[in-house]
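First up is the structure itself, then whatever we jot down about it.
The values are calculated or read from the model by the stated rules, or taken from the named source; none is laboratory data. Just so it is clear, the model here is predicted, and its values are computed rather than measured. As a convention, Cβ positions derive from the backbone with ideal geometry for all residues, glycine included, and neighbour counts pool all protein chains shown.
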Amino acid sequence: MTTPEYKPPVLKFPPPTRTATVRTWQQQMRDRGWHIAVDGVYGEESKRLCANFQMEHRLEIDGIVGPITWKATWEAASTTPPQAPDRTLQRGDFNNEHVRKWQRQVNNRGWPKLQVDGDFGPQTESVCKELQRFKQLPVTGKVDHDTWDAAWLEKVPVAAM
């Protein structure tokens, strides 16, 4: 897909920005695999996810969609996931560094906020299932290799790879 023309004003919060351009940006973020509402309102959550996108893609982290972030939303290559753990993570795992890292990443990508505590309890299992449904993976509630990678990988155009 070709990057659509960037049309000012920049997308920022506060105050909330409400334009068709916001909806276009949100839809592209969602198409890349980020868990974002496509509602046409650039508010606090859009700003947070924009800043996380900027951090992952080594852009200036300001939470504002200007020309550089706009272009990267369509053209930046996906980041490489960190090495997956040797075993599947599942309910009952506690004080686990891999669970903590996965919890932090799904929070960064927009899933419901998890307490980043390394404990794989019912809330982590629920978010895991939601991510698996969204990414069209088998819904097991366990973080296997594919579910681990899915928390980091984005769908990007071949030209961006």
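Listing for the model above:
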{"quantity": "Extreme residue, farthest from residue 115 (Cα to Cα), among residues of region 87-103 that are in contact (Cβ under 8 Å) with a residue 40 or more places away in the chain and in a loop (DSSP other than H, G, I, E, B)", "calculated": "88"}
{"quantity": "Filter result for the condition that a residue is within 21 Å of residue 150 (Cβ to Cβ) and among the charged types (D, E, K, R), over 71, 12, 101", "calculated": "101"}
{"quantity": "Lone unmet requirement of (1) at negative phi; (2) touching a residue at least 24 places away in the same chain (Cβ under 8 Å); (3) out of contact with any helix residue (DSSP H, G or I) (no Cβ under 8 Å at 6 or more places or on another chain); (4) not aromatic (Phe, Trp, Tyr) for residue 68", "calculated": "(2)"}
{"quantity": "Any hit, region 31-50, residues being under 18 Å from the mean Cα position of the chain (by Cα), aromatic (Phe, Trp, Tyr), in a helix (DSSP H, G or I) and not assigned by TED's automatic domain parsing to the domain that holds residue 121", "calculated": "no"}
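Here's the yes/no breakdown for (1) part of a loop (DSSP other than H, G, I, E, B); (2) outside the structural domain of residue 30 (by TED's automatic domain parsing); (3) surrounded by 15 or more Cβ atoms within 10 Å (Cβ to Cβ); (4) free of Cβ contacts under 8 Å to residues at least 60 places away in the same chain:
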| residue | (1), (2), (3), (4) |
| --- | --- |
| 82 | yes, yes, no, no |
| 85 | yes, yes, yes, no |
| 115 | yes, yes, no, yes |
| 124 | no, yes, yes, yes |
| 129 | no, yes, yes, yes |
| 136 | yes, yes, no, yes |
| 139 | yes, yes, no, yes |
